[in-house]
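This report concerns only the one structure given below.
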Amino acid sequence: MEWANDGKSKGGVLAHLERLEIQVNRSRKNLEDPQRAQAVESALGTKIHKLRCLRDELRAEVKQRQARVKASTVNVEPDQTLEISEQEVVERRKENVKAILQAYRFTGLSGKLTSRGVCVCISTAFEGNLLDSYFIDLVIQKPLRIHHHSIPVFIPLEEISAKYLQTNIQHFLFCLCEYLNAYAGRKYQADRLQSDFAAFLAGPLRRNSLCNLLSFTYKVEPQGQSFPFCARLLYKDLTTALPTDVTVTYQGMDALSPAWEEQRASHENLFFSKPLHQVFTSFARKGEKLDMSPVS
């Protein structure tokens, strides 16, 4: 179509049509030769007619498309639309969990997709030692829910789930990892103390199921006659493997010599800053020789 290539057609069909009509009016005024004016008017009239036809065709096509869109929207059931939307959300959540597991497979998180959702395995470790593993089977739907798990009852799983499961599954898994790794670390230390340093203990090691409260009596010289110390370690922060409160007292004397008191204070600092088995390893390595004479 010649008129489509005309330089004056910039701005769209309607704008071009308007310009042509203006041009016709100007031609009538400016052209002195009646025959030439008539020829120009005829050519412009032809172009205007073509543009008007095209305009009408475009308007009709727009109306048809609007009618088709409206009809397709009416035919879709509201529940079907909601179902598709929820299914998309579920699929995105599955992909999100899968990406998390792939990205952090070297940090103790692993898992596999199931027919219901995903089964996540959390492997715990402390100081490079692989310890217990726990699983949690998640049903990925709306809302997310836990189907089965092997998390110990004293880990606050319900509290963690209420905070993060529906809003941030990545933070939910990381928070759970923190609690489980800290518990595994405290348990590992207590087990090592009982198995490797029983000679230092002057009685049983007392601990609760969460291993966040430990108490024991110990001597710094396994074969010596030193007076025993009593230690009480409290772990208020359940996401750490070092105690938040330490109390070391002594038995057998009303008062300690300055050397013994200094030693008692240094033990408290050690229990604050090092794992239990490392503290007792230092006791065994040093073979501490203390002034055990009572204060007169």
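Readers should treat all values here as calculations from the given coordinates under stated rules, not as data from a laboratory. Here the structure is a predicted model, which is why all the values come from computation and not from measurement. No Cβ is skipped: glycine too gets one built from the backbone with ideal geometry, and neighbour counts run over all protein chains shown.
Quick one: compute the contact order of region 179-280, relative version, from alpha carbon pairs under 8 angstrom and 6+ residues apart, as a percent.
In percent, rounded to a whole number, it is 25.
Please compute the net charge surrounding Phe126, taking Lys and Arg as +1 and Asp and Glu as -1 over other residues with Cβ under 12 Å from its Cβ.
For residues surrounding Phe126, the net value is 0.
Going down the list Lys187/Lys219; Lys187/Lys236; Lys112/Lys187, which pairs span over 20 Å between their C-alpha atoms?
Violating the 20 Å Cα-Cα cut-off are Lys187/Lys219; Lys112/Lys187.
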